[in-house]
Amino acid sequence: VLNRRCVEAAVMTGLALNCSINKKSLFDRKHYFYADLPAGYQITQQRVPIAVNGSLSYSLCIDNKMSQMVTKTVRIKQIQLEQDSGKSLHDDTRSQTLVDLNRAGVGLMEVVMEPDMCCGEEAAAAVRELQLILQTLGSSQAVMAEGQLRVDANVSVHHPGEPYGVRTEVKNINSIRFLAKAIDYEIQRQIEELENGGTILNETRAFDSKLGCTVPMRDKEGKQDYRFMPEPNLPPLILYDAKSLPANMNHQQVINIDWIHERLPDLPSVKRKKLVEQYGILPEHSFTLLNEDGLAEFFESVVKQTQMKPKKVIGWILKDLLSYLKQHSLTVKESPVSSFVLADLLNLLEKKEISSTAAKQVLAELWKGEGKTPLEIVKEQKLELLQDQKELEQICQAVIDGHENEVIMMVLG
Amino acid sequence: QKVSVEVLEHLEHLALVDFRDAEGVQRLQKAIQFADQLHEVNTDGVEPMDSVLEDRWCLYLREDDVTEGNCTKELLENAREKVEEYFVAPPGNIPLPKLEERETFLQGS
């Protein structure tokens, strides 16, 4: 039986990816034999999936410079609902496979993209954006390492102007970094194979992260014949919108596409735009803010608690805070310096009670997380800026008096 | 129209059925002939039917209420071999023996 939450998640994701939602979609059986598929078939949507014809926009840095970003789009062919299989663990030493069926039958969303991307970097950026969208919608936590988001890459090469070459499917990719590596390796492998007069087989290959290469996969040779047939136990999935809402149906059985559309949260691209407009930060700053879990919220929290302008605060967030967190492999949530404490420090700087250099010194001390306030550290290390004009004059005069020769040199130019 | 040996072998491989003897293959041919009668009906412009109940057959959408589970022990009793809580399977699909090695009617064809 299909659970409601799956359908809602698929509709939300379809809408977020600018798809047309099919008000009537159908379920089919895909037959094949494998130890992790006890029924011998998987229920999927081969004829009419739940959503079609969407797009995903993502951004790339040109030449690794964050300041030059370009926006690209990949078309979404479709989104379909299907069942998960069990999980296989291959034990090559004992020549056996261990099968865990706990996730068998659980609902999945498969997002199929058109071949609009040309390298590992583009695919990685697109998948990263998809990950952020899914997390924002709540459709999935999308953590690749946990198998919550799985990516199979289809790769082919061809000379410009010629038709697409034979494609291979690369599986077993466990992170966005490996996705880029696997794709770039496969592109190179195919080019070398063809330049040496060979041919590309339409096969499934696995990415070996240790060796950084792709290898043919067992049991996936040759074209599979899945003998698709309509799933006899599941009638068509009917979705409604404001116009077609049925009068006498149980609420719990009705899914209203328009209702869901109205309640979609701000997608990452919208959030970035708002950050730029509201705080006057640069687009590339907004990307970094959204790329780290909790960083945007931290930034906004600091801005609220300080008089320092957001354009200045962002530097402290992206340079000082973020680099420290990265160095110590900490998440924003694990930061020993809270937004309150950082705002406190920035206020001292803004009121010119300390210099910028002193502020960095205080921050270095704050990272220790010993619970001291910025003001306490300033007093401890005597970092206060002198405000008294007379005192300053005395000190300057003393310096000049003590360095008569240098002063003469300077005055003479 | 006879079904070719290639198709029969393909079907045996896909569905793990064994046509065994001439009678088995005959039965298959008769079944196909019977089903082919469907082609006699003109279905131009007619949408395929999902069910005789038509629009009244609604897909039931279930809430995520946990109503059963926690039966690991009973489920694992089905396993011929197990390791901790995993079912043990061979490393991959065991390929069907080649045509020559099988005792099947198709050998003679």
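The values are calculated or read from the model by the stated rules, or taken from the named source; none is laboratory data. What you are looking at is a predicted structure, and each value in this text was computed from that prediction instead of being measured. Ideal geometry is used to build each Cβ from the backbone, glycine not excepted, and the neighbour counts take in all protein chains shown. All accessible areas refer to the heavy atoms of the entire protein, side chains included, with ligands and DNA or RNA removed. Shrake-Rupley method; radii C 1.70, N 1.55, O 1.52, S 1.80 Å.
Could you give every pair whose Cβ atoms fall below 9 Å, whose first residue belongs to region A:95-119 and is within 30 Å of A:GLN190 (Cβ to Cβ), and whose second residue is open to solvent by 70 Å² or more (accessible area, probe 1.4 Å) and assigned to a loop (DSSP other than H, G, I, E, B), counting only separations of at least 6 or pairs across chains?
Once the first residue is within 30 Å of A:GLN190 (Cβ to Cβ) and sits in region A:95-119, its partners that are open to solvent by 70 Å² or more (accessible area, probe 1.4 Å) and assigned to a loop (DSSP other than H, G, I, E, B) give A:LEU108/A:ARG150; A:PRO115/A:TYR164; A:PRO115/A:ARG167.
Only residues that are open to solvent by 90 Å² or more (accessible area, probe 1.4 Å) and assigned to a loop (DSSP other than H, G, I, E, B): list them for region B:62-88, please.
Selection gives B:ASP64, B:ASP65, B:VAL66, B:THR67, B:GLU68, B:ASN70, B:GLU77, B:ASN78, B:ARG80, B:GLU81, B:GLU84, B:GLU85.
Here is a check on your reading of the model: is A:ALA35 among the small types (Gly, Ala, Ser) and open to solvent by 30 Å² or more (accessible area, probe 1.4 Å)?
yes
Would you mind telling me which numbered condition in (1) out of contact with any strand residue (DSSP E or B) (no Cβ under 7 Å at 6 or more places or on another chain); (2) surrounded by 15 or more Cβ atoms within 10 Å (Cβ to Cβ); (3) not in a helix (DSSP H, G or I) A:LYS77 fails?
It is condition (1) that A:LYS77 fails.
Filter region A:299-309 for residues that are assigned to a helix (DSSP H, G or I), touching a helix residue (DSSP H, G or I) at 6+ places or on another chain (Cβ under 7 Å) and open to solvent by 20 Å² or more (accessible area, probe 1.4 Å) and give the result.
Those that are assigned to a helix (DSSP H, G or I), touching a helix residue (DSSP H, G or I) at 6+ places or on another chain (Cβ under 7 Å) and open to solvent by 20 Å² or more (accessible area, probe 1.4 Å): A:SER301, A:VAL303, A:GLN305.
Scan region B:9-35 residue by residue and report those that are in a helix (DSSP H, G or I), more than 14 Å from chain A (Cβ to nearest Cβ) and not β-branched (Val, Ile, Thr).
Those that are in a helix (DSSP H, G or I), more than 14 Å from chain A (Cβ to nearest Cβ) and not β-branched (Val, Ile, Thr): B:ALA22, B:GLU23, B:GLY24, B:GLN26, B:ARG27, B:LEU28, B:GLN29, B:LYS30, B:ALA31, B:GLN33, B:PHE34.
Hey, among the residues in region A:358-391 that are free of Cβ contacts under 8 Å to residues at least 24 places away in the same chain and among the aliphatic types (A, V, I, L, M), which one's surrounded by the fewest Cβ atoms within 10 Å (Cβ to Cβ)?
A:LEU386
Would you please name the residue that is surrounded by the fewest Cβ atoms within 10 Å (Cβ to Cβ), looking only at residues in region A:38-58 that are hydroxyl-bearing (Ser, Thr, Tyr) and in contact with an Asp or Glu (Cβ under 8 Å, 6 or more places away or on another chain)?
Applying the filter and picking the extreme gives A:SER57.
Which one is farthest from B:VAL25 (Cα to Cα), of the residues in region B:68-107 that are away from every other protein chain (no Cβ under 11 Å) and at pLDDT 80 or above?
Across region B:68-107, the extreme among qualifying residues is B:ASN70.
On the basis of being aliphatic (A, V, I, L, M), touching a helix residue (DSSP H, G or I) at 6+ places or on another chain (Cβ under 7 Å) and over 28 Å from A:MET12 (Cβ atoms), does A:VAL151 make the cut?
Spelling it out, it is not the case that A:VAL151 is aliphatic (A, V, I, L, M), touching a helix residue (DSSP H, G or I) at 6+ places or on another chain (Cβ under 7 Å) and over 28 Å from A:MET12 (Cβ atoms).
Determine if region A:224-243 includes at least one residue that is more than 14 Å from chain B (Cβ to nearest Cβ) and surrounded by 12 or more Cβ atoms within 10 Å (Cβ to Cβ). Spell out the reasoning first.
Of region A:224-243, the ones more than 14 Å from chain B (Cβ to nearest Cβ) are A:241-243.
With surrounded by 12 or more Cβ atoms within 10 Å (Cβ to Cβ) added as a condition, the list becomes A:241.
Within region A:224-243, one or more residues are more than 14 Å from chain B (Cβ to nearest Cβ) and surrounded by 12 or more Cβ atoms within 10 Å (Cβ to Cβ).
Taking B:LEU59, is it more than 12 Å from chain A (Cβ to nearest Cβ), surrounded by 11 or more Cβ atoms within 10 Å (Cβ to Cβ) and at pLDDT 90 or above? Give the steps one after another, and end with the answer.
On the way: more than 12 Å from chain A (Cβ to nearest Cβ): no; surrounded by 11 or more Cβ atoms within 10 Å (Cβ to Cβ): yes; at pLDDT 90 or above: yes.
No, not satisfied.
Please note which helices (runs of 4 or more DSSP H) are completely contained in region A:348-404 and include at least 2 residues that are in contact with a helix residue (DSSP H, G or I) (Cβ under 6 Å, 6 or more places away or on another chain).
Correct list: A:356-366, A:374-380.
Out of region A:250-276, which residues are open to solvent by 50 Å² or more (accessible area, probe 1.4 Å), assigned to a helix (DSSP H, G or I) and farther than 22 Å from A:ASN18 by Cβ?
Selection gives A:HIS251 alone.
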